[in-house]
Amino acid sequence: MDQVVFQHLQNHIEATMTMGENCAPKIAEAAENITQALLAGHKIYSCGTGEKAPVSQLLVQYLTAGFEIERPGFPAIDLLSLINGTNHTDGLSNALHIHGNNSDVLVVFSAQDNYDALVKTVETAVEKGMMVVSIAASIESLLMPATGSNHIEINCGESSSKASSAMNFLIIQCLCTLIDSKIFGEN
């Protein structure tokens, strides 16, 4: 039993190190863009479906209530909370169409479920002139082909769905730490 636990933790450590090596520059770039949007008075929208929904909600929680330091909240909205009980295929994009503005930021967490809804939401963001940050496994990189230069993709690499959720959790912690540091000067 101990060996199973040790192996699981060892796999997690290796995946975290690989993600750190591969994703650090993109995480820093995303944090810089989100910081600039916040400082300019723009909002952050987040969405994820299926098992990625809680990760999206956690990002919004960290942005609105603070992560590691006590600070004023930032304007951040989880799109799934706006469409509670409605059709996901059009609901996310409709909510973004209603609430999103040029130069706001959309953060998309993808686990390949409800792919059509996420594609429509990204297309809406592009139409509105929003920055798109996608956090996905490498096999999902086709999710964002039309976003052009206004897009940052943080690629978690090939891993199981559950492992990619753990990597998403670490990515949002890194993002929020960097954002807080850039705005409030904390180390």
| note | Each label sits 7 Å from Cα toward the beta-carbon; between Thr64 and Val5 the label points are separated, in nm, by 3.7 nm
| task | Scan the chain and hand back the longest stretch that contains none of the GluC sites (Glu not before Pro) lying in DSSP loops with at most 15 other Cβ atoms within 10 Å. | result | 71-157
| remark: Ordered by fewest other Cβ atoms within 10 Å, a rough proxy for footprinting exposure, Val55, Val5 read Val5, Val55
| message | Under a crude label model (7 Å from the Cα following the beta-carbon direction), how far is Asn22 from Leu39 in nanometres? | response | 3.1 nm
| note | The exposure ranking of Ile69, Ile152, fewest beta-carbon neighbours within 10 Å first, is Ile69, Ile152
| task | Report the net charge of residues surrounding Gly100, where surrounding means a beta-carbon distance below 14 angstrom and charges are Lys +1, Arg +1, Asp -1, Glu -1. | result | -1
| field | Exposure proxy ranking, count of Cβ atoms within 10 Å, fewest first, for Tyr62, Tyr45 | value | Tyr62, Tyr45
| Semi-axes, largest first, in whole Å: what does sqrt of 5 times each Cα gyration tensor eigenvalue give for the range 1-94? | 29, 21, 14
| query | What is the Cα radius of gyration of the chain over 2.2 N^0.38 Å, N being its residue count? | reply | 1.00
| said: Cut-off under 21 Å on the C-alpha distance; same-chain residues fewer than 8 positions from Lys43 excluded. Which lysines are left, in chain and number order? | reply: Lys26, Lys52, Lys120, Lys128, Lys182
| task | May I ask you to compute the full-extension gain from Glu123 to Asn84, defined as 0.36 nm times their residue separation minus their alpha-carbon distance, rounded to one decimal in nm? | result | 11.9 nm
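No value in this document is a laboratory result; all are computed from the given coordinates. These numbers were taken from a predicted model, which means no experiment stands behind them. Cβ sites come from the backbone with ideal geometry, for glycine too, and all protein chains shown count toward neighbours.
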